[in-house]
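Presented below is the structure to which this report refers.
Taken together, the values in this text are just the output of simple stated rules run on the coordinates, not laboratory data. What you are looking at is a predicted structure, and each value in this text was computed from that prediction instead of being measured. Heads up, the Cβs are rebuilt from the backbone with ideal geometry, glycines too, and the neighbour counts pull from every protein chain shown.
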Amino acid sequence: MKKRLFSCILALVLALTLLPAAGAAADEPQDASIFVQQVPGTDGDFMRGADVSSLLANLRAGAVYYDFDGAPLGEGVDDQGPAMMALLADCGFNWIRLRVWNDPYDADGHGYGGGDNDLEAAKIMGRWATDAGLRVLIDFHYSDFWADPGKQFVPKAWAGMDVDAKAEALGAFTQDSLRALLDAGVDVGMVQVGNETNGYMCGEKDWDDILRLMDAGTKAVRAVDGDILVALHFTNPETEDRYASYAKTLDEAGVDYDIFASSFYPDGAGNNAENLAAVLKDVADAYGKKVMVVETSWQWYTWPGYELGADSPYTGDIQGQADELTDAAKAVTSVGELGVGLFYWEPAWTPVRSADGLTGEARDAVYSAGWASPYADEYDPGIAWGTTGWADKGFFDHEGHPLDTLRIFQYFQTGAVTQRQITGFAPVELACFVGQDAPALPETVTARYNDRTTEETAVTWTDGDQVDSSSAGTYTVHGEAAGMAVTAEVTVSVQSLLENPGFEDEDMSMYVISDPAAGRTTDDPYDGAYSLHFWSADPVDFTAEQTVTLQPGDYLFTFQAQGGDVGDGAETYAYVRMGDETLTDPFNLTGWVVWTAPQIAFAVAEETEVTVGVSVTAGAGAWGTIDEFSLGLNG
């Protein structure tokens, strides 16, 4: 009773700290280092959350955090942990999210890393949060380590079980874990049954089996406490009809849940706030479900020498981070009363010292605070282990000092203002076909400001005469505007003689595609909204080609490709087939949106039927995108 009374008093005190300072109107923007627009609807019961699952491991590894005055939050784990939760509450957060893995340890007790988020860690951090007046969302991955759309490994203890036995084990694990958390005094207000379960959950890929597991998990939560909200979690809202299909499937199966939760990691293509708002509203309107963003983030720091792509929706700085969060919040609140929350993913996952020179428990502690430890390889073979990789996306700098975005939920109530300045320029992208005159460079460029306004600004180009339009290629032209460097990208391409070269048209009859593992989708296009995308849990072996009749001349065939996980012995190449002759150009798939453009130049002496295409032979789990087929006169 005394503990509950203390929690209530603390929550009241923290709530009072969120009131505007004396003499400041509630709608008066606050002075800050960032511009933030007000977002009505993010006050009251709106879930203003953060996933801080790595916090305990980070503190045990020696991380230190500071308040806005530069003072350490405390000394050691037992001081800093509760103080961090109090700081978050003071900054307007009202929920904390904690992932739970079944058994993230090897047989010798070495942790897999990523926070070593077992039930005991959730108890400790959950109690810190509860004592600070924060409610807790428990995110069951139903795995011993990371679970996402591409990895849903079954826990070691459940290996070999059929789906019925697995569902029984999942239900028992959920009930036992929840009761242990509640007995420990953790204010569990919501439970996630699975993490990013895009057609894959706890080792199962058949939707009937996935629904069986989800049903077991939701019923287990209801059996413990009917007031605890149940969320189901998905990602990739940009994929056409994905969320509508999932919501329909859940409804037809009668799965009992409260919240349709989404990850949101925007990019320069279709995964944007406008699309997110639309797909969440569709789910809410059609099925009456609450919707929320349960994971989102954006980088506040860009390493020297690294540049975001020209199509990046936000700048790689603290203002870009604030803009991304503002758009995500607006997307959720635009749904109306059923848009219930926004959680930021891992705002306190700062880097800790290297494990070099450490031994025993000290070394294991540092490993546990990284994305993965060497011990995880037994469970997730080949996983890259090392430091967090998320330090540039948190709400603290690399030394643990808070950024102004930590106050973002407060700023949503009042707005925030700072000195107006240019943050960059809209991309200058020009194009022509081989043999045409090079395009004229513009006299002005569009300057982008940190208040999200734009202005046309005079520009001086210094090396525009370097563009050679006699052959295909991409040229970067440098200039200066408002005392800042600016560039223009000029692409000289062959004029394609192919039909539907970018796969934008629904009619794909002009292509011959040898395997259904490859098909027209909205996944990761190089340009436009569609691409030829491939993925299979089995080995991949397909060709995609188109046949045309060419007149005499010199030609160039090319396309854009990206992908990964091709395995040993993979063969990927472009080809041109003319009668008995076949020309090829091998290429490698080395990572997500790491684009490569194979090219084959050839000559035709007389009217000839020519087949151009791509061949991909790769291991199970290989994935990638082919886009922008181009065949045209060269020179």
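What to note about this one:
- Cβ crowding within 10 Å ranks Trp595, Trp535, Trp146 as Trp595, Trp535, Trp146, fewest other Cβ atoms first.
- The Cα atoms of the range 42-136 give a gyration tensor whose axes a ≥ b ≥ c have a/c of 1.5 or more with a/b no greater than b/c, which makes the shape oblate.
- Among the listed pairs Lys205/Lys248; Lys248/Lys330; Lys205/Lys330; Lys156/Lys248; Lys123/Lys151; Lys166/Lys219, those whose Cα-Cα separation exceeds 23 Å are Lys248/Lys330; Lys205/Lys330; Lys156/Lys248; Lys123/Lys151.
- Each of Asp565, Asp108 was scored by other Cβ atoms within 10 Å of its Cβ. Listed from fewest to most, they are Asp108, Asp565.
- Where only DSSP H runs of four or more residues are counted, the chain gives -7500 deg cm²/dmol as its mean residue ellipticity at 222 nm, each run worth -39500 (n - 2.57).
- Look at the alpha carbon pairs under 8 Å that are at least 6 residues apart: their mean separation over the length of the range 49-177 gives a relative contact order of 25 percent.
- Ranked by the mean number of other Cβ atoms within 10 Å of their residues, highest first, the peptides 380-389, 305-314, 149-158, 116-125 fall in the order 116-125, 149-158, 380-389, 305-314.
- Compactness of the range 346-430 as Cα Rg over 2.2 N^0.38 Å, two decimals: 1.59
- The range 512-633 - charge dipole about Cα centre, Lys and Arg +1 at Cβ, Asp and Glu -1, debye rounded to 20: 200
- Put simply, when 317-326, 295-304 are sorted by average Cβ atoms within 10 angstrom per residue, most first, you get 317-326, 295-304.
- By other beta-carbon atoms within 10 Å, ranking Glu581, Glu240 with the fewest at the front produces Glu581, Glu240.
- Net length gained if the chain between Ala278 and Asp78 were fully extended (0.36 nm per residue, minus Cα distance): 67.7 nm
- Gap separating the Cα centres of the range 450-493 and the range 165-244, nearest whole Å: 51
- Approximate shape of the range 512-633 as ellipsoid semi-axes (Cα gyration tensor, √5λ), whole Å, largest first: 26, 15, 13
- Take every pair of alpha-carbon atoms less than 8 Å apart whose residues are at least six positions apart; their mean separation over the length of the range 512-633 yields a relative contact order of 40 percent.
- Think of each Lys and Arg Cβ as +1 and each Asp and Glu Cβ as -1; about the Cα centre, that makes the dipole of the chain roughly 2520 debye.
- Spin-label zone in the range 570-609 - amide nitrogen under 20 Å from a point set 7 Å from the Cα of Asp554 along the C-beta vector: 576-578, 583-585, 598-608
- Spin-label model, Tyr573/Asp103: points 7 Å from Cα along the beta carbon direction are separated by 4.8 nm.
- Options Thr487, Gly519, Val291, ranked by Cα towards positive dipole end of the chain, top entry (Cβ charges): Val291
- For a label point 7 Å along the Cα-to-beta-carbon line of Thr453, residues of the range 415-432 with backbone N under 14 Å: 417-423
- Farthest towards the positive end of the charge dipole of the chain, among the residues Gly41, Thr414, Val77, is the Cα of Val77, using unit charges on the Cβ of Lys, Arg, Asp and Glu.
- Check: the range 422-493 dipole with +1 on Lys, Arg Cβ and -1 on Asp, Glu Cβ, in debye: 220
- Selection among Leu550, Pro104, Leu498 by position relative to the dipole of the chain gives Pro104 as farthest towards the positive end (Cβ unit charges, Cα centre).
- Förster-model FRET efficiency, 22 Å R0, Gln421 and Thr444, C-beta, rounded to 0.05: 0.75
- Our summary gives the chain a relative contact order of 13 percent, counting only alpha carbon pairs under 8 angstrom and 6 or more residues apart.
- Between Tyr306 and Asp437, the FRET efficiency from the beta-carbon distance, with R0 = 25 Å, is close to 0.10.
- Environment charge of Leu213, counting only residues whose C-beta is closer than 13 Å and scoring Lys/Arg +1, Asp/Glu -1: -4
- FRET efficiency for the Asp468 to Ser514 pair, using the beta carbon distance and R₀ = 41 Å, is estimated at 0.60.
- Restricting the range 353-415 to GluC sites (Glu not before Pro) in coil, as DSSP defines it, with at most 15 other Cβ within 10 Å: Glu399
- For the range 588-635 versus the range 521-572, the spacing of their alpha-carbon centroids is 6 Å.
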